[in-house]
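Notes follow once the structure below has been shown.
What follows is calculated from the coordinates using simple rules that are stated; it is not laboratory data. None of the values given here were measured: they were computed from a predicted structure. No Cβ is skipped: glycine too gets one built from the backbone with ideal geometry, and neighbour counts run over all protein chains shown.
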Amino acid sequence: MRPHDLLPGTVVSVYVPIMTWHPGIVTETRLADGPTVVHNSKYVRRVTESTWTDFVTLQGRRLKIRVEGLPRVLPPGVVIARARSRMDEPWDLFGNNCEHFVTWAHGMPRRSPQMENWVAAGGLGLLLSKLWR
């Protein structure tokens, strides 16, 4: 799928090294390289709106992209307005990371499935280390 074919409000994610995905929300704004994307970036430490190229490029390397879809909880215009209402809000790993931001903007409970999986894996590792002593 070409970037220009993505519908406003669609969630797209960029693969980031160390087995994580960084999601953002496609906007209605179209530039030459594709739509802009609103996301909560740990690299700039805040909610920001980036060009398509800036969103999909990390440290000069092109990364894998996946289109996660449009949850349809709220209309796309409302999702984008909610996302933009949090511009410059600070990034926080445990309370306001990129997944918390995207789920909230779409009107769903704030959650971070990747964070939940990492915590569960860490807890399981700790439990196994205690059992194997």
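Extending 7 Å from the Cα toward the beta-carbon at both Val73 and His4 defines two label points whose distance is 3.2 nm. Estimated from the Cβ-Cβ distance and a Förster radius of 25 angstrom, the FRET efficiency linking Arg84 and Asp54 is about 0.90. The gain in end-to-end length when the Leu63 to Ile18 segment is fully stretched comes to 14.9 nm, 0.36 nm per residue minus the alpha carbon separation.
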